Amino acid sequence: MRETVHNCRFCGKPIMVVVWGIYRKVVVDAEAVMVAADPEGEEYVRIDGTKIRAREVPYESEEKAEPAYRVHRKTCGVRA
């Protein structure tokens, strides 16, 4: 699995493409955030490509959390 940082051609933010399985890809923001599992939360992607419903927590939080990436289409700022 290769992760290289690129710039989004629409908004210019740094992005990565997470690849898992055969022909499975997802574009994510390049910066990882700490998330805690929450069934009412947003969709995040782990480094191995699995998805998790979670909410963002601060890095200093005592809560059990893991690093994950935010799906870029939710933060791009450019409407298709």
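Key figures
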read-out: LYS25 versus GLU43: modelled label distance in nm, points set 7 Å from Cα along the beta carbon direction; value: 1.8 nm
read-out: Highest to lowest packing among 13-25, 61-73, scored as the average C-beta count within 10 Å; value: 61-73, 13-25
read-out: Total charge dipole magnitude, segment 1-44, about the Cα centre, Cβ charges on Lys, Arg, Asp, Glu only, Debye to nearest 20; value: 440 debye
read-out: For segment 14-73, diffusion coefficient by Stokes-Einstein and Kirkwood Rh (Cα), 25 °C, 0.890 mPa s, µm²/s; value: 210 µm²/s
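Every number here is computed from the coordinates shown, using simple stated rules; none is lab data. It should be emphasised that the depicted structure is a prediction, and the values quoted were computed from it without experimental measurement. In this analysis, Cβ positions are derived from the backbone assuming ideal geometry, glycine residues included, and neighbour counts consider all displayed protein chains.
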